[in-house]
Amino acid sequence: MTLEQMETSAWLNRAFYKDKKVRALRSLLERDRARAQGLTVNHGGVDKGRSDSRGNGVEAAMQICAETSEAYDKALCEYNAMRREVSQVINGMRDDELEAIFIYRYLDGLSMEEIAERMHYDRSTIQRKHKAGLEKVATQCNTMPLHATAQV
């Protein structure tokens, strides 16, 4: 694979990796919410008899939950923007078969073996078509600086 093809592949992979981050943050947010709700149920909002030095556990849990929620929302917005960019490039290929390969690879995150199985081709055929698709994307995007917009 040429350097240009590797750079194009890395640019296309941005949405896939951002999706992984979004999923991890969503899992963390669900855990933080469950903990905060558990504290609220156990605590009942009563802080009588607690010293000021211990702080309010419910308030701290809610603050952590809010911070995680903010990080999740930001990552989700970034993912949506990246996915739109990658989808536009893929749709610009104007070749249904290549588009399917690239959707499976860069938006769905499937391996070459999984793509080959779904499309009823040999793995080597998918790799050859993928390489040709990377060339097409690189040529198509000569007017659009893919690598300048990549923020990994």
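Restricting the first member to the stretch 110-139 and to residues that are under 17 Å from Asn13 (Cβ atoms) and touching a residue at least 12 places away in the same chain (Cβ under 8 Å), and the second to residues that are surrounded by fewer than 17 Cβ atoms within 10 Å (Cβ to Cβ) and of a type in the set (Lys, Arg), the beta-carbon pairs closer than 7 Å and six or more apart or on different chains are Met112/Arg123. Going by the conditions given, is Ala60 open to solvent by less than 60 Å² (accessible area, probe 1.4 Å) and modelled with pLDDT under 90? Against the criterion (open to solvent by less than 60 Å² (accessible area, probe 1.4 Å) and modelled with pLDDT under 90), Ala60 qualifies. Once the stretch 91-109 is narrowed to residues that are without any contact (Cβ under 8 Å) to a residue 24 or more places away in the chain and in a helix (DSSP H, G or I), the residue that is farthest from Leu12 (Cα to Cα) is Asp96. Entry remark, the stretch 92-143: residues being aliphatic (A, V, I, L, M) and exposed (fewer than 14 other Cβ atoms within 10 Å of the Cβ) number 1 in total. Considering each residue of the stretch 30-42 in turn, at least one proves to be in contact with a Cys (Cβ under 7 Å, 6 or more places away or on another chain), at pLDDT 85 or above and more than 30 Å from Phe102 (Cα to Cα).
The values are calculated or read from the model by the stated rules, or taken from the named source; none is laboratory data. In this text the structure is predicted, and so the values were computed from the model without any measurement. For neighbour counting, all protein chains shown are included, and Cβ atoms are generated from backbone atoms with ideal geometry for every residue, glycine included. When the accessible area is computed, the model is the full protein with side chains, heavy atoms only, and any ligands, DNA or RNA have been set aside. Shrake-Rupley method; radii C 1.70, N 1.55, O 1.52, S 1.80 Å.
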